[in-house]
Amino acid sequence: MKYTNSQIIKFIGNDIPTESFNVEKNALFLPQSDNYPGVDFLIWDHYSKILFLFQVTIGSLANHRKSKGNFMTGEGSLKNKWATLCNIEESKVKFIWLAPDEILKNDKSKDSLHLSFSSIKN
């Protein structure tokens with residue numbers, strides 16, 4: 001991600017941001033609500049036109065599945081609203097679990113991407 005062509009957008013509430021953003025710039029979206037549904041932060045990659053959703057946990061993924069499901073499914077879902085905001089198809093919205101290796105190795109689901117803590121380098 002090129003930082004000179006990036007924006008950070010903090011927003012309040014449990015919906016999508018009300019302020020507009022430039023889809024021609026990368027963006028880091030930071031929900032300010034402690035209980036934002038399903039994700040902890042989002043990254044918009046304007047080059048690939050993909051919105052990455054990140055859920056960070058140190059506990060079982062099962063504890064977050066319902067919240068993730070509410071975000072990702074159904075008409076009027078947050079996934080649908082974010083795709084509309086970014087002017088992309090819902091298939092370009094990618095959910096990523098960020099968790100310790102031992103948590104991820106026990107997850108047998110194939111419904112999302114995984115990024116282990118150990119894969120993050122200094």
Can you tell me which of I12, I16 is surrounded by fewer than 15 Cβ atoms within 10 Å (Cβ to Cβ), farther than 18 Å from W97 by Cβ and among the aliphatic types (A, V, I, L, M)? I12
Restricting attention to segment 91-106, does a residue exist that is surrounded by 11 or more Cβ atoms within 10 Å (Cβ to Cβ), among the acidic types (D, E) and touching a helix residue (DSSP H, G or I) at 6+ places or on another chain (Cβ under 8 Å)? yes
What about Y36, is it modelled with pLDDT of 95 or more, among the aromatic types (F, W, Y) and over 10 Å from the mean Cα position of the chain (by Cα)? no
Of the residues in segment 20-46, those that are touching a Phe, Trp or Tyr at 6+ places or on another chain (Cβ under 7 Å), assigned to a loop (DSSP other than H, G, I, E, B) and not small (G, A, S) number 4
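The values are calculated or read from the model by the stated rules, or taken from the named source; none is laboratory data. This is a predicted model, so every value here is computed, not measured. Ideal geometry is used to build each Cβ from the backbone, glycine not excepted, and the neighbour counts take in all protein chains shown.
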